[in-house]
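Right, one structure below, let's go through it.
Throughout, read-outs are computed from the coordinates displayed, never taken from laboratory work. None of the values given here were measured: they were computed from a predicted structure. In this analysis, Cβ positions are derived from the backbone assuming ideal geometry, glycine residues included, and neighbour counts consider all displayed protein chains.
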């Protein structure tokens, strides 16, 4: 009885190892494979559409990549924060300005560094976010209890 249990356990282990090995063998490419179109076109020849989220207004989504007469859907991601309107454009931003008491927001501007996916980008943008409710302490201040 003990030898039958040992043989069964050994066969189960061998089956598990071969299944894992076949999964690894069938996996192709690296981390960017799912976002590349499968066509033979170069990035310069490909026209990319806007990233459309699968649910809500941010998160994982799909974008169309068109080259010659072929259109593919590729995976993309829209950040869930204030950058979602400019997600295909990369900007260099300056520091945040002071808080405007009337609108309770602070602003900053950025200049275009590069456009991703041949996106049409503005050369400069201005973004705003709500002011934080607490004033930040400087490094020299200590907590008082």
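Sort 96-109, 3-16 by the packing proxy (mean of other Cβ within 10 Å over each peptide's residues), most packed first.
96-109, 3-16
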Subtracting the Cα-Cα distance of residue 45 and residue 14 from 0.36 nm times their residue separation yields 6.3 nm
When the chain is fully extended, how far beyond the present Cα-Cα distance does residue 93 get from residue 80, taking 0.36 nm per residue of separation?
-> 2.8 nm
Residue separation between residue 111 and residue 128 times 0.36 nm, minus their alpha-carbon distance, gives in nm 4.6 nm
